[in-house]
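Note sheet for the following structure.
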Amino acid sequence: MKIIAFNGSPRAEQSTTNLMVSAFLTGAEEAGAITEQVFLSKKNIRYCLGCFTCWLKTPGTCIQSDDMGELIYKFLSADIVIFATPLYMDNVSGIMKNFMDRLLPIGDPHFEKDEHGEVRHVKVKTNIPKFVMLSNCGFPEQTHFQVLKLLARRLARNYQTELIGEIYRGAGALLQEPKIQKIAAQYLVLLKNAGQEVVKDGIISQETTLQLDMPLIPDPNFVDIFITNMNTYMDATIAEFKKS
Ligand SMILES: Cc1cc2nc3c(=O)[nH]c(=O)nc-3n(C[C@H](O)[C@H](O)[C@H](O)COP(=O)(O)O)c2cc1C
């Protein structure tokens, strides 16, 4: 089984996204998968021109020649892909959105009605990989992922493939905070478990998903402490910069 994670953070190796993906992929490898993480920020991916050349004139091939040809090939070669992205403006990052848009050549331009009576494009003969949505964000609550949750379901429906797992982490930067390394390490074990489950069972279990969804710090005052600490940090960093 081949699992490829596409990391849409501009912070590449430094990103919390990378930390989360790496733990997940370690678990998947332990369970026997071949894995790879692609840092999209290091690739040359231009935005979609909306010309539909890839559908109407050169089916399956974009008019632009950049790294996306190779990335589509990689995408289709996977059994499972991970869309891994920091939350930007309640959504995927721009890098990830560009990547998603540029997957257009995979699709079929023809229309049909789906089982709910909604119009969609005809299912392609190519096997579209099943996928996991993985994200982390700055705010502490899990509610900030509402848009991504809906997007993941829409992507699965539009591409007629399966969403086999969702991993969302509020206050994600805390995973890189030395003061809570014990808690972060426990969370990374959960991520490893999720990676193993995807290989063994084809899906992340409800139990693991629920555990991954729990607040990182199980303190009823966590949000208030978070606000105080973050504001102190912001003020100190701004003051430091002014001095330099
Ligand atoms: C342009 C931009 C937009 C952001 N929008 C949100 C947001 O809507 N909600 C949120 O909780 N955090 C937001 N963040 C914070 C990031 O999600 C957060 O810093 C995250 O931990 C970055 O992950 P990474 O290290 O994997 O890149 C935003 C950050 C940037 C730079």
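Numbers for the structure displayed
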{"read-out": "Looking only at the stretch 9-23, and only at residues there that are outside any helix (DSSP H, G or I) and surrounded by 15 or more Cβ atoms within 10 Å (Cβ to Cβ), the one that is farthest from the ligand (Cβ to nearest atom)", "value": "Pro10"}
{"read-out": "Helices (runs of 4 or more DSSP H) fully within the stretch 52-158 counting 2 or more residues that are within 14 Å of the ligand (Cβ to nearest atom) and within 20 Å of the chain's Cα centre (by Cα)", "value": "94-101"}
{"read-out": "Hits in the stretch 133-154 (condition: touching a helix residue (DSSP H, G or I) at 6+ places or on another chain (Cβ under 8 Å) and either crowded, with 17+ Cβ neighbours inside 10 Å or closer than 15 Å to Met214 by Cβ (or both))", "value": "Met133, Leu134, Ser135, Asn136, Cys137, Pro140, Glu141, Gln142"}
{"read-out": "Selected residue (criterion: surrounded by the most Cβ atoms within 10 Å (Cβ to Cβ)) from residues of the stretch 36-58 that are among the β-branched types (Val, Ile, Thr) and in contact with a Phe, Trp or Tyr (Cβ under 9 Å, 6 or more places away or on another chain)", "value": "Val38"}
{"read-out": "Residue identified as within 25 Å of Asn136 (Cβ to Cβ) and out of contact with any Ser or Thr (no Cβ under 8 Å at 6 or more places or on another chain) among Ala12, Ala31", "value": "Ala31"}
{"read-out": "Count of the stretch 168-202 residues which are surrounded by fewer than 17 Cβ atoms within 10 Å (Cβ to Cβ), away from the ligand (no atom under 16 Å from the Cβ) and either under 30 Å from Asp79 (Cβ atoms) or of a type in the set (S, T, N, Q) (or both)", "value": "7"}
{"read-out": "Subset tally (residues that are farther than 20 Å from Val81 by Cβ, acidic (Asp, Glu) and in contact with a Lys or Arg (Cβ under 9 Å, 6 or more places away or on another chain)) for the stretch 113-164", "value": "2"}
{"read-out": "Test: Asn136 is over 28 Å from Leu19 (Cβ atoms), in contact (Cβ under 8 Å) with a residue 24 or more places away in the chain and of a type outside the set (A, V, I, L, M, F, W, C)", "value": "no"}
{"read-out": "Whichever residue in the stretch 24-49 is among the hydrophobic types (A, V, I, L, M, F, W, C), more than 14 Å from the chain's Cα centre (by Cα) and not in a loop (DSSP other than H, G, I, E, B) and, among such residues, is nearest to the ligand (Cβ to nearest atom)", "value": "Ala28"}
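Coordinate-derived values only; no laboratory data. Owing to the predicted nature of the structure, the values given are computational and were not obtained by experimental measurement. Every residue, glycine as well, gets a Cβ built from its backbone with ideal geometry; the counts of neighbours run over all protein chains shown.
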